[in-house]
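See below for the structure under consideration.
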Amino acid sequence: LVEAMACGTQVVATDCPDGPAEVLAEGRYGRLVPMDDADALAAAIQASLRCPFVAVDDLKERAAEFSVERAVAQYVELLETMVRR
């Protein structure tokens, strides 16, 4: 999802327990469909192709929130917090 968003591509994902809903901010940055619902998935893909609803710049900005640099900074912050305890 993040790689596609970084390229400015509209995304569709199944709303599985871990990941997609967080990355897509509960559907703000891409369509979420129920798991095991092929018809909903197909409809969401078609809708995204016909009528993209997230601006390319917004997708890229959201993807940047999951960059390696940001992840490393968060790990460092966590480790520093643990060391201070």
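Every number here is computed from the coordinates shown, using simple stated rules; none is lab data. All values derive from a computational prediction rather than experimental measurement. All Cβ positions, even for glycine, are placed from backbone atoms using ideal geometry, and neighbour counts span all protein chains on display.
Overall, the chain carries a charge dipole of about 200 debye about its Cα centre when +1 sits on the Cβ of Lys and Arg and -1 on the Cβ of Asp and Glu, all other atoms neutral. The value of relative contact order for the chain, using C-alpha pairs under 8 Å at least six residues apart, is 33 percent. Need one word for segment 29-85: rounded, prolate or oblate. Basis is the Cα gyration tensor (sqrt eigenvalues a ≥ b ≥ c); a/c below 1.5 gives rounded, then a/b vs b/c decides. Taking the square roots of the gyration eigenvalues as a ≥ b ≥ c, segment 29-85 is oblate. Under the criterion of Cα pairs below 8 Å and six or more residues apart, the relative contact order for segment 1-43 equals 35 percent. Dipole orientation for the chain: of the candidates Leu78, Phe53, Ala42, Leu78 has the Cα lying most toward the positive pole (charges on Cβ; Lys, Arg +1; Asp, Glu -1). Computed from backbone phi with θ = phi - 60° and the Karplus coefficients 6.51, -1.76 and 1.60, the 3J(HN,Hα) list for segment 45-53 is 5, 4, 4, 5, 6, 6, 9, x, 10 Hz; x is used for glycine and proline. Loop-located chymotrypsin sites (Phe, Trp or Tyr not before Pro) across the chain with a Cβ neighbour count of 14 or fewer within 10 Å are Phe53, with loop assigned by DSSP. In plain terms, the chain from Glu26 to Glu3 could stretch by 6.5 nm, reckoned as 0.36 nm per residue minus the Cα-Cα distance. Taking square-rooted eigenvalues a ≥ b ≥ c of the alpha carbon gyration tensor, is segment 8-60 rounded, prolate or oblate, where a/c under 1.5 means rounded and, failing that, a/b exceeding b/c means prolate? Oblate, since a/c reaches 1.5 and b/c is not below a/b. Note that segment 26-33 has calculated 3J(HN,Hα) couplings of 6, x, 5, 10, x, 7, 10, 10 Hz, one per residue in order, obtained from phi through the Karplus relation 6.51 cos²θ - 1.76 cosθ + 1.60 (θ = phi - 60°); glycine and proline are x.
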